[in-house]
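Data first, discussion second: the structure below is written as structure tokens.
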Amino acid sequence: MDLKIYKDKQEVANAFSSYFESLVKGKDIFHVALSGGSTPKVIFDILAENYSTKIDWNKIHFYWGDERCVPPTDDQSNYKMTVEHLFSKIDVPTGNIHRVLGENDPSAEAMRYANLLEINLDRVDDIPQFDLVVLGMGDDGHTASIFPHEINLWDAEDHCVVATHPESGQKRVSLNGKVINRAKEVAFLVTGAGKAEKVLSVLEKTEGFEAYPASLVQPETGKLIWFLDTDAASMINQDPA
Ligand code: 6PG
């Protein structure tokens, strides 16, 4: 596990963008699952601003680790957020963008998306393998859309599961833990003081950490990297990068 702490969101965005560029460089094809929520916005802005001509987007296929079950025009849509902050500013073939059809029936869509992963991605022990899975973490310790009250979904057999947001009841389609931990590499993007308590618990395995789905992220390759800002890292005793 690699831990990288930067002074602010901007520095996290710069560091992740150059990490991403080095990861995709020279690859014939690269399958990446993106995270949603608010944290990726500044990162996508930086990628679009500083890497639109440096990265060969034709080689990269985009998926989501989770999506809200809303239409692609809805402000809650992770796809919509990514179009606004990244895809609308770079030259990526539409055929490389594999969105979760949040407007469709959640169970049917979870199955369809799982089948798509089986077709598009190499499989290891029958589990689709991403080149990179990007994750966020909620201040409740959830990741992708695996929430503490449904932590059992982590070990579900289906590659994609239907989850329920604990407060809003909103349905989500999410990768399960097996697919996340089968990825060649996993990167956490976590910023803001609101995450500090769970960052401490997950990284230092303090009391109750097992209840947080983010603590179950342990890629079999061992390639796990945390990109944190000093606020999110404020409770762990580590010095900024
Ligand atoms: C989502 C995400 C989710 C997100 C965390 C953190 O669709 O909401 O994929 O797992 O990464 O909730 O969200 P913020 O970045 O908004 O804090």
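The values are calculated or read from the model by the stated rules, or taken from the named source; none is laboratory data. Because the structure is a prediction, the values reported are computed rather than measured. Heads up, the Cβs are rebuilt from the backbone with ideal geometry, glycines too, and the neighbour counts pull from every protein chain shown. Ligands, DNA and RNA are excluded from the accessible area calculation, which covers all protein heavy atoms including side chains. Shrake-Rupley method; radii C 1.70, N 1.55, O 1.52, S 1.80 Å.
Take Ile180 and tell me if it is surrounded by fewer than 22 Cβ atoms within 10 Å (Cβ to Cβ), modelled with pLDDT of 95 or more and farther than 19 Å from Ser38 by Cβ.
Values: surrounded by fewer than 22 Cβ atoms within 10 Å (Cβ to Cβ): no; modelled with pLDDT of 95 or more: yes; farther than 19 Å from Ser38 by Cβ: yes.
Criteria not met by Ile180.
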For this session: Read through the list (1) touching a Cys at 6+ places or on another chain (Cβ under 7 Å); (2) within 12 Å of the ligand (Cβ to nearest atom), then give the number of the only condition that Ser168 fails.
Result: (1)
Problem set entry | Residues that are within 8 Å of the ligand (Cβ to nearest atom) and aliphatic (A, V, I, L, M), drawn from the stretch 171-189 | Leu189
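Is it the case that Asp74 is of a type in the set (Asp, Glu), out of contact with any Lys or Arg (no Cβ under 8 Å at 6 or more places or on another chain) and modelled with pLDDT of 95 or more?
Working: of a type in the set (Asp, Glu): yes; out of contact with any Lys or Arg (no Cβ under 8 Å at 6 or more places or on another chain): no; modelled with pLDDT of 95 or more: yes.
No; evaluated as a whole, the condition is false for this residue.
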Exercise. Out of the stretch 201-235, which residues are charged (D, E, K, R) and either in a helix (DSSP H, G or I) or open to solvent by less than 40 Å² (accessible area, probe 1.4 Å) (or both)?
Worked result: Glu204, Glu210, Asp229
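Sort out which residues of the stretch 126-148 are away from the ligand (no atom under 14 Å from the Cβ) and out of contact with any helix residue (DSSP H, G or I) (no Cβ under 8 Å at 6 or more places or on another chain), and write them in order of number. Give the derivation first.
Within the stretch 126-148, the subset away from the ligand (no atom under 14 Å from the Cβ) is 126-132.
Asp126, the sole residue that qualifies.
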Seminar exercise, completed: Going through the stretch 46-69 in order, the residues found to be open to solvent by 20 Å² or more (accessible area, probe 1.4 Å) and over 14 Å from Phe30 (Cβ atoms) are Glu49, Asn50, Ser52, Thr53, Lys54, Arg68, Cys69
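Rundown of residues vs (1) more than 14 Å from the chain's Cα centre (by Cα); (2) aromatic (Phe, Trp, Tyr); (3) under 20 Å from Leu203 (Cα atoms); (4) open to solvent by 40 Å² or more (accessible area, probe 1.4 Å), yes/no style:
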site	(1), (2), (3), (4)
Asp155	yes, no, no, yes
Asp158	yes, no, no, yes
Ala163	yes, no, no, no
Ser168	yes, no, no, yes
Lys184	no, no, no, yes
Ala193	yes, no, yes, yes
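Any residue at all in the stretch 41-59 that's of a type in the set (Ser, Thr, Tyr), within 30 Å of Leu216 (Cβ to Cβ) and either modelled with pLDDT of 95 or more or not in a loop (DSSP other than H, G, I, E, B) (or both)? It would help to see each step written out before you state the result.
Residues of the stretch 41-59 of a type in the set (Ser, Thr, Tyr): 51-53.
After this cut, where a residue has to be within 30 Å of Leu216 (Cβ to Cβ) as well, the list is none.
For the stretch 41-59, residues of a type in the set (Ser, Thr, Tyr), within 30 Å of Leu216 (Cβ to Cβ) and either modelled with pLDDT of 95 or more or not in a loop (DSSP other than H, G, I, E, B) (or both): absent.
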For this session: Report the residue count in the stretch 190-214 for those that are more than 14 Å from the ligand (Cβ to nearest atom) and under 13 Å from Trp226 (Cβ atoms).
Result: 3
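Among Gly26, Gly37, which is open to solvent by 20 Å² or more (accessible area, probe 1.4 Å), of a type in the set (Gly, Ala, Ser), assigned to a loop (DSSP other than H, G, I, E, B) and within 16 Å of the ligand (Cβ to nearest atom)? Reasoning before the result, please.
Numbers: Gly26 fails: within 16 Å of the ligand (Cβ to nearest atom).
Just one listed residue meets the conditions, Gly37.
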Problem set entry | the stretch 82-104, residues that are open to solvent by less than 10 Å² (accessible area, probe 1.4 Å) and within 14 Å of the ligand (Cβ to nearest atom) | Thr82, Val100, Gly102
